[in-house]
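The values are calculated or read from the model by the stated rules, or taken from the named source; none is laboratory data. Not measured: the values here are computed from a predicted model. Don't worry about glycine lacking a Cβ; one is built from the backbone with ideal geometry, like all the others, and counts go over all protein chains shown. Quick note on the areas: whole protein, heavy atoms, side chains included, nothing else; ligands and nucleic acids left out. Shrake-Rupley method; radii C 1.70, N 1.55, O 1.52, S 1.80 Å.
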Amino acid sequence: MTAGSARRILLSAVEPSGDALGAALMRAILSQAPETTFVGCGGKEMAAVGMASAFPISPLSVMGPLAALRAAPYAMLKAAELGRLAAERHADAAVLIDSWSFSILAAGAIRKQAPSCRLIKYVAPQVWASRPARVKTCEQLFDGLLTLFPFEQDWFTD
């Protein structure tokens, strides 16, 4: 991509905290590259910055294993929809914000349907607190990783 060309970024945030992070990311990107367009899914905060969500995210904003199990069919359908959207809109990058389980589903669908789209995970899994094997999953699924805390970078750079 050449400097000054319009960027197309798919964003995925399915929880209120991810929606807030997504809106802040959109504002930061637009301050540096105002020609950027966004597609994907998000909530009210991302909508206020100018991105209409491709689908309602509230059915995916769940907690607990039973709620996640009930949401799984919807999650699989919507992850596939993000893959189609990335392909149809020729997204240059997809930033999958927080929501580890949905991000994994979406990453697989995007990689399959839009293989040239760079996959970025925003909000690293807390491998320093638990589940260090997720470092390998990040390495396999994502082209880049944005962390919230400065010390997290060391967990992923080896």
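Say we look at segment 43-56 and pick out the residues that are part of a helix (DSSP H, G or I) and touching a residue at least 12 places away in the same chain (Cβ under 8 Å); which of these is farthest from LEU96 (Cα to Cα)?
ALA48
Restricting the search to segment 57-90, which residues are part of a loop (DSSP other than H, G, I, E, B), modelled with pLDDT under 95 and open to solvent by less than 60 Å² (accessible area, probe 1.4 Å)?
The answer is SER61, VAL62, GLY64.
Say we look at segment 14-33 and pick out the residues that are open to solvent by 40 Å² or more (accessible area, probe 1.4 Å) and of a type in the set (D, E, K, R); which of these is farthest from ALA79 (Cα to Cα)?
ARG27
Quick one: ALA93 ticks every box in (1) open to solvent by 50 Å² or more (accessible area, probe 1.4 Å); (2) at pLDDT 95 or above bar one, so which box is it?
It is condition (1) that ALA93 fails.
Right, LEU119: modelled with pLDDT of 65 or more, outside any helix (DSSP H, G or I) and surrounded by 19 or more Cβ atoms within 10 Å (Cβ to Cβ) or not?
It is true that LEU119 is modelled with pLDDT of 65 or more, outside any helix (DSSP H, G or I) and surrounded by 19 or more Cβ atoms within 10 Å (Cβ to Cβ).
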